[in-house]
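Remarks on the structure that follows.
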Amino acid sequence: MPRRTLAIAVVALMLVTGGLLAVVHGQSLSGEYKIGVLEPLTGPLAGEGKRHLEGYEIVRDMINERGGVMGKKLVFAVADAPDPTAAASEANRLITREGVKIITGTFSSRLCGAASEAAARHNVVYWETSCVDPRFNKRGLKTVFRTEIDATGFGWYNVEFIAKHLAPRFGKKPNELKIAFLSEDSSYGQGVTESARQRAKQEFGMQEVAAEYYSFTSINDFTPIIAKFKQLAPDVVHHIGYTNDAPLFWRQAREQNFLFRAHVHAGATGYGSPDFGKALGADANGAFALLEPGPGFRIEALRPEGQKLEREFREAVQKRTGSYPLGGHQLAGGGLWLLKLVLDRARSDDPDKFRAAVMALDLPVGSVINGWGVKFAENGQNANDRVQHYMLQWQNGQLVTVWPEEFTTNRAKWIPLGAWDQRK
Amino acid sequence: MDSARRLGPAQIGVLAQLGVSTVLLGGIYALIAVGLTLIFGIMRVVNFAHGEFLMLGMYLAFWAFTAYSVDPWVMLFVSIPIFFVVGLVTYALVMRGVIHASHNVQIFTTVGLSTALQNVALVLWTGDFRIVRPWHSSVVIRFADTAFNLSQVVAFLIAVALTVALFAFMKWTHTGRVMRATAQDGDAATLMGIDTDRVYRLTFAIGIAAVGAAGVLVAPLYAVYPTAGLQFVLLAYVVVVLGGLGDMVGAMLGSLIVAAVEVIGSYLFGVAWKEVLYFVLFIAVLAFRPAGLFGQRGAETLGA
Amino acid sequence: MAAALRGRAGALAFFAVAAAVPLAVRDQFFLDTLILILLWGALSAAWNVAGGYAGQVSLGHSAFFGIGAYSAALLSARYGQSPWIGMLIGMVLSVGAGLIIGYLSNRLRGPYFALSTIAFSQVLLIVASRWRGFTAGSEGIPVPFRPGFATLGLGHVAWAYLALGLAALFYGIQVYLERSRVGYQLAGVREDEDAAEALGIPSRRLKVVAVTASAALTSVCGTLWAQYVGFVDPFYVFSVDLSIRFALNTIIGGMGTALGPWLGSILITALETYLRATFAGMKTGFAGIYLVIYGVALILVVRFVPEGLAGVGARLRARWTRAHA
């Protein structure tokens, strides 16, 4: 009967769909232990996503050289999560198709919420290594953990640096400092900036003269902001930038002779990205960025076991990428190493045993990659003071570690920043 | 805000700087919009992939500079014929088949093209942000209290020159008249013996050449990455609508208006609301004067 | 009822299979994909009401989706209210927004209308991402999962049937549009608005009604999506990409047909899921290939099969009938 043709076609379409999706991989060959890795590999976040994946792969190889996890070789099932729906979907797929019991990722605050929800509903462990949304650990989910500090931690460190290290060197008290906040308006930028604003005002009484947000996808010209800021004459510019807007701001600030005593950023993008140095060369001198340890880092300041790990990690990154470890590598790699420590202890991926092992971990600063320590709170968040962060500064085309001073051979220069062409 | 209100010498300096910014930015927007207004105006096609051709122009400048040390200003002359050919090829492969189809088909064809191009760039060149840094992007020209960046100034001048050239072409050459006639009434044009297919092909090629050239010019000013086109494309549409379809002068004036709204709006209300301002302007113009501030009344219903 | 069902064998087959899947299959990924297919299909059907049946091609429907998502998320996360109430509020707000769009639709045609809808959705995006005090700004809103029907905290099987019910409802609405007087009038407006006006059809009012109804339906889906995925991010829920997706499914499946949205949804959702799963594991950096395929496939389908999959079905049917005449 003719009318049935469409019906048959529809059913056929659905069967083919089903067939395509039905491919099951399951937990693989004995001797291998598979975890899920969820990162944005396409879309606007792809650049950083790729770096994170590299970091994971490098540390995975380090782990396998030491015998893997729970006596088996560590392997990955990698999934692409360009948006929240995909993140949830892919998390589901990793769990049901690939049979993973642990998922790690995702770098972006947009994705970690959805992905961790999906994992939690299956009672699968979700091991976040990078997203900074402060609410991530406040949902009462027992199998969700984060190794990196959140946005409030970044803001905390930045203000710490400004108040304790910069202010005295300007000859001012923290509450005499005028500070202008500028930020790209993603959840990362907003999270860090708001927490910095809060601490600056409440704990130190700094004078906030401006707080402006912009969209990094559409900002073409900072002239209006610079014109406004110039009149407000801030001492410190706290600017959270992304990779395309940071060089633009710096270039235009220089052109329009916008002077300030210091410029502080946090994170591996924007001023913390090697692209900033490539864009500006020596003109980049002076900008600060809160990051994982960079050149000048005194590995000797770490504990012996931490030194060994850190050296090995750096060599591996150098070999694979030809460069110094970048933020993405350090966060993903550091986080994966902590996962290995948990599995070594728990000898199981059963959620309860896993959680018990996580809570039992207690290492001081300087013990593992990046000079981190580890101590998780009940809500699954690694403590701020264990996840040591460092302030780096651009000096002669390179980001070097300048603070805390006990961890580095370098010292911050140009405090306060003088005229633009005086920073050699 | 109070200190900003009193009109002293500092304020005049600020106004002058904002003015310079507006003009320079406007010139760049004009070059991007001019290709779009041609394509939209004459072919009545909403080209969602317009930003991607800009992005390709930026990458062309980047690779020429990085691999062969060719300055973008030199690359510009090479890029125009390259993108002209790219336009011809794209027309033949993608656009020609849908030129007489419904708007939806056209929209989605260009959407597919946009996705494909963005991801080809991603696969070939990765998502890393690239920088083109020729000698002139760090040269600052100072005049009174204002500062101009040399790259930006030259980009502006070239944009103006190209736009004027296109305008002259459209107004005074035979081909230009033919193109305008086709825009007004495609059927009548055919009846007059005009080969509309050839006109569309030429229009598209010119439009793509313009935006590709814009990409090369703009590369020293902004970062180059696969989704860089998105930064400008919606804005280009606002300009085109403001200025009126197919209207070169309208595109230039529209660019200045959009740039002014952006710059002054950012200064007064904060950068956060800049896009809201020009989107609201966009919707208002569409609602009350859809032919654009400078276009012919009723033009928006033509060929719809 | 029988008359309405005659000739709807395709739809019956679809719903029958969809209903059977959760009974036969317990695999969560499968169910997840089914739920997404049904949900995206419903969204596309909602779009179809304005775009396919009334001819108002909007590329800003994510505005309504986002309103629905935010209403539910805010009410549930911030005020502890049931998302069903959020759904109602979302619908009301979307009707308001729909009236604005409807007004614009009466002044603008074709691409101009499409562009104005994009601008509208982007204005909402910016407002949502900046209004930290109310919407938590760019950080978005995590939607709490509280088990129970009133709070839409459901398991995958329950979600599948809920989505199926939604799909059936939206399908029914479209069928109603096809067969009712209102539907015929809309068809007239769509094909030739001036002629319809000449016949005394209140075209302007009808267009506004169609857009507004479409807005409300889209908002409902937005609420459900927010509860299902559990996280509302302004850059996603108000994005142009989403708006394009709603229209895309319908166009590929067949604009102005009742089953079209789901046919398109099956194809696109399955293709995307399959390609993404297959290519993500490859050498880092090659993950973008699946999107290139997707883009090219889109160009080809839209060019060579513009009447959509449902149209292909009709063509095959006609050929069969002729062959057997």
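The values are calculated or read from the model by the stated rules, or taken from the named source; none is laboratory data. Just so it is clear, the model here is predicted, and its values are computed rather than measured. Note that we place each Cβ from the backbone using ideal geometry, even for glycine, and neighbour counts take in every protein chain shown.
A few notes on this one:
- Residue in region B:241-250 that is part of a helix (DSSP H, G or I), away from chain A (no Cβ under 11 Å), closer than 12 Å to residue B:29 by Cβ and in contact (Cβ under 8 Å) with a residue 60 or more places away in the chain present: yes
- Checking each residue in region A:317-360 for being buried (at least 21 other Cβ atoms within 10 Å of the Cβ) and of a type in the set (S, T, N, Q) picks out only A:330.
- Evaluation of residue A:71 against (1) farther than 19 Å from residue A:342 by Cβ; (2) at pLDDT below 90 (one fails), failing number: (1)
- Residues being surrounded by fewer than 24 Cβ atoms within 10 Å (Cβ to Cβ) and not charged (D, E, K, R) - total across region C:58-82: 7
- Just one of the listed residues (B:149, B:104) is at the interface with another protein chain (Cβ under 9 Å from one of its Cβ atoms) and in contact (Cβ under 8 Å) with a residue 40 or more places away in the chain, namely B:149.
- Strands (runs of 3 or more DSSP E) within region A:118-232 that include 1 or more residues within 14 Å of chain B (Cβ to nearest Cβ) and touching a strand residue (DSSP E or B) at 6+ places or on another chain (Cβ under 7 Å): A:178-184, A:207-214
- Screening residue A:83 on (1) within 14 Å of chain B (Cβ to nearest Cβ); (2) at pLDDT below 90; (3) farther than 22 Å from residue C:32 by Cα shows it passes everything except condition (3).
- Some residue of region B:216-232 being assigned to a helix (DSSP H, G or I) and either under 30 Å from residue B:187 (Cα atoms) or among the small types (Gly, Ala, Ser) (or both): no
- Top-ranked residue in region B:158-202 [being aromatic (Phe, Trp, Tyr) and surrounded by fewer than 18 Cβ atoms within 10 Å (Cβ to Cβ); ranked as farthest from residue B:43 (Cα to Cα)]: B:172
- Inclusion of residue B:258 among residues that are closer than 28 Å to residue B:168 by Cα, in contact (Cβ under 8 Å) with a residue 12 or more places away in the chain, within 14 Å of chain A (Cβ to nearest Cβ) and surrounded by 24 or more Cβ atoms within 10 Å (Cβ to Cβ) is warranted.
- Residues in region A:47-64 that are within 14 Å of chain B (Cβ to nearest Cβ) and out of contact with any strand residue (DSSP E or B) (no Cβ under 6 Å at 6 or more places or on another chain): A:47, A:48, A:50, A:51, A:54.
- Single match in C:127, C:157, C:143, C:123 (criterion: touching a strand residue (DSSP E or B) at 6+ places or on another chain (Cβ under 8 Å), among the β-branched types (Val, Ile, Thr) and within 14 Å of chain A (Cβ to nearest Cβ)): C:143
- Residue within region A:97-113 that is in contact (Cβ under 8 Å) with a residue 24 or more places away in the chain, within 9 Å of chain C (Cβ to nearest Cβ), more than 22 Å from the chain's Cα centre (by Cα) and farther than 23 Å from residue C:238 by Cα present: yes
- Yes/no for residue A:56 being over 23 Å from residue A:326 (Cβ atoms) and in contact (Cβ under 8 Å) with a residue 24 or more places away in the chain: no
- Qualifying residue in region A:278-286 (condition: over 30 Å from residue B:135 (Cβ atoms) and away from chain B (no Cβ under 14 Å)): no
- Here residue B:67 meets the list (1) over 20 Å from the mean Cα position of the chain (by Cα); (2) aliphatic (A, V, I, L, M); (3) surrounded by 15 or more Cβ atoms within 10 Å (Cβ to Cβ) almost entirely, failing just condition (3).
- Count of residues meeting criterion [of a type in the set (A, V, I, L, M, F, W, C) and at the interface with another protein chain (Cβ under 7 Å from one of its Cβ atoms)] in region B:113-136: 7
- Against the numbered list (1) touching a strand residue (DSSP E or B) at 6+ places or on another chain (Cβ under 7 Å); (2) away from chain A (no Cβ under 14 Å); (3) of a type in the set (A, V, I, L, M), residue B:224 comes up short only at (2).
- Check on residue C:188, outside any helix (DSSP H, G or I) and away from chain A (no Cβ under 13 Å): no
- Every residue from region A:262-279 that is in contact with a helix residue (DSSP H, G or I) (Cβ under 8 Å, 6 or more places away or on another chain) and either assigned to a loop (DSSP other than H, G, I, E, B) or modelled with pLDDT under 85 (or both): A:267, A:268, A:269, A:273, A:275, A:279
Listed here are the residues, each with its yes/no results for (1) at pLDDT 90 or above; (2) in contact with a Ser or Thr (Cβ under 9 Å, 6 or more places away or on another chain); (3) closer than 20 Å to residue B:255 by Cα; (4) among the aliphatic types (A, V, I, L, M).
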site	(1), (2), (3), (4)
B:178	no, no, no, yes
B:185	no, no, no, no
B:192	no, no, no, yes
B:201	yes, no, no, no
B:204	yes, yes, no, no
B:207	yes, yes, yes, no
B:212	yes, yes, yes, no
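- Among the conditions (1) at pLDDT below 90; (2) surrounded by fewer than 19 Cβ atoms within 10 Å (Cβ to Cβ), the only one that residue A:363 does not satisfy is (1).
- Meets criteria (over 30 Å from residue B:41 (Cβ atoms), surrounded by fewer than 23 Cβ atoms within 10 Å (Cβ to Cβ) and out of contact with any Cys (no Cβ under 8 Å at 6 or more places or on another chain)) for residue C:38: no
- Residues that are buried (at least 24 other Cβ atoms within 10 Å of the Cβ) and under 23 Å from residue A:91 (Cβ atoms), drawn from region C:250-268: C:265, C:266
- Filtered residues of region C:83-140 (kept if free of Cβ contacts under 8 Å to residues at least 24 places away in the same chain, of a type in the set (Gly, Ala, Ser) and farther than 16 Å from residue A:186 by Cα): C:96
- Per the conditions (1) of a type outside the set (Phe, Trp, Tyr); (2) surrounded by 24 or more Cβ atoms within 10 Å (Cβ to Cβ); (3) on the phi < 0 side of the Ramachandran plot, the sole criterion not satisfied by residue B:244 is (3).
- Number of positions in region A:318-342 that are farther than 16 Å from residue A:268 by Cα and in contact with a Phe, Trp or Tyr (Cβ under 7 Å, 6 or more places away or on another chain): 3
- A count restricted to region C:206-249 and to residues that are in a helix (DSSP H, G or I), within 11 Å of chain A (Cβ to nearest Cβ) and either within 10 Å of the chain's Cα centre (by Cα) or of a type in the set (A, V, I, L, M) (or both) stands at 5.
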